[in-house]
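> Let me give you the structure first, and then I'll get to my questions.
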Amino acid sequence: MNPPLDRRSFLGHSLAGLAAASPTWSALAEDAPKKPLRLALVSAASYGAGGQPRTPGSNHGTAFATTFNGFDEEKAKAFKGTFVRAERRIEGAKVVKIWDPDKAATIAIADICGIETVADSPEQCVEGVDAAILIDDGSGAQWKYAEAALRAGVPVFCDKPLAMTAKEAAAIAGIARETGTKFMSASSLRFVPDIVKLREDAAAIGPVRLCSVTGPGDLIYYGIHALSMAYAVLGPGVISAHNTGIEGGHVVRLRHEKDLDIVLLVGARERMRAGFSIQLFGEKGNLRVEPDLKNLYSYLLEAFLDLVINGKESVPIEEEVELIAALEAGQKSLEFGREVTLGEVEVSLLKLP
């Protein structure tokens, strides 16, 4: 895993390697100190989970916008909807365009955060920018906005989950690889300092034979956070899933090719108030972490900018597709009442490099 960018030295990184990807990069490289990266936020001003009507405001949309642009506190207080104020800022990039189907909420958030342009469509939003960020809007289908940007050569971050099925995840990943455009999707929990440190500390307990991870919410839509902690520490390689829990109280044993098992515990909020935790059991001892989630979005966004600027792919797309497939296999296991291999989900998994 690559370390987050140092915000003080962010503008000192070379942009020369990006010139071939987009005509805008040449001009940007020549005048880097004066021209921050221009970002677009797509589907970033309203939220509706599970097919529910969308309501004004967006947890991730406002958190990401304020991370780059800051905000006007008095205007933020007047906003009627979800508005998250980021405490940690990232310099060297600025949100310049935003789109959402709720036009009124979009205009209000643009005003609060100093976003120059409210686009009329998702396609228009990704035009003339240096990178696009597709926000988790509750649908699990924000990946559908990626194709226009990818085919235009605009680097894309797709918020979690990459998709709700491995088939959909593989489809958009295939377009990214086909076009050669930089693309990233990941849970923010991969990059929080506690998880980064755990990966480094794991060697001290010898080969890990068992890992347990916990988290709240639905198995695929929100369970991606819990399982991403295990992937961040142990790497890819899950081959099957066996869910012995119930809907709303998942107990999933994931068999890993490295001769270890991951036990994934994900519970609906109305059944239990699970927090995020990870525990590793090795031949020489065990380690347990409840990660500090303060400023978690900023570490994720720094990893994306590291990809855009330096080409450092901290999370290969193929690994994220596999992670979605593992969660889907866990859901199918509950439905079928038996162990389900990743090969049984409806997708031909892309080969990991």
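The values are calculated or read from the model by the stated rules, or taken from the named source; none is laboratory data. Every value quoted in this text rests on a predicted model; they were computed, and no experiment measured them. All Cβ positions, glycine included, derive from the backbone under ideal geometry; neighbour counts span all protein chains shown.
> Filter region 53-68 down to residues that are touching a residue at least 24 places away in the same chain (Cβ under 8 Å) and more than 15 Å from residue 136 (Cβ to Cβ) and give me whichever is farthest from the chain's Cα centre (by Cα).
So, considering only residues that are touching a residue at least 24 places away in the same chain (Cβ under 8 Å) and more than 15 Å from residue 136 (Cβ to Cβ), the one farthest from the chain's Cα centre (by Cα) is 56.
> Inspect all residues belonging to region 23-32 and state whether any of them is of a type in the set (Ser, Thr, Tyr) and either modelled with pLDDT of 95 or more or touching a Pro at 6+ places or on another chain (Cβ under 9 Å) (or both).
Checked against the condition, which is being of a type in the set (Ser, Thr, Tyr) and either modelled with pLDDT of 95 or more or touching a Pro at 6+ places or on another chain (Cβ under 9 Å) (or both), region 23-32 yields no hits at all.
> Report, by residue number, each residue of region 203-229 that is touching a residue at least 12 places away in the same chain (Cβ under 8 Å), more than 24 Å from residue 302 (Cα to Cα) and in a helix (DSSP H, G or I).
204, 205
> Still on this model: In this structure, is residue 264 within 21 Å of residue 238 (Cα to Cα) and touching a helix residue (DSSP H, G or I) at 6+ places or on another chain (Cβ under 8 Å)?
yes
> Residues in region 161-171 that are surrounded by 24 or more Cβ atoms within 10 Å (Cβ to Cβ) and either without any contact (Cβ under 8 Å) to a residue 60 or more places away in the chain or under 23 Å from residue 44 (Cα atoms) (or both): how many?
Count: 4.
> Could we say that residue 156 is in contact with a Lys or Arg (Cβ under 8 Å, 6 or more places away or on another chain) and under 26 Å from residue 168 (Cα atoms) here?
Against the criterion (in contact with a Lys or Arg (Cβ under 8 Å, 6 or more places away or on another chain) and under 26 Å from residue 168 (Cα atoms)), residue 156 qualifies.
> So for region 210-220 (the condition being within 12 Å of the chain's Cα centre (by Cα) and assigned by TED's automatic domain parsing to the domain that holds residue 284), does at least one residue qualify?
No, region 210-220 has no match at all.
> Restricting attention to region 185-238, and to residues there that are of a type in the set (S, T, N, Q) and under 20 Å from residue 274 (Cα atoms), which single residue is surrounded by the most Cβ atoms within 10 Å (Cβ to Cβ)?
Among those residues, the one meeting the criterion is 187.
> Output the residues belonging to region 239-268 that are modelled with pLDDT under 95 and surrounded by 18 or more Cβ atoms within 10 Å (Cβ to Cβ).
267
> Filter region 58-94 down to the residues that are in contact with a Pro (Cβ under 7 Å, 6 or more places away or on another chain) and either aromatic (Phe, Trp, Tyr) or part of a strand (DSSP E or B) (or both) and list them by number.
93, 94 - these are the residues of region 58-94 that are in contact with a Pro (Cβ under 7 Å, 6 or more places away or on another chain) and either aromatic (Phe, Trp, Tyr) or part of a strand (DSSP E or B) (or both).
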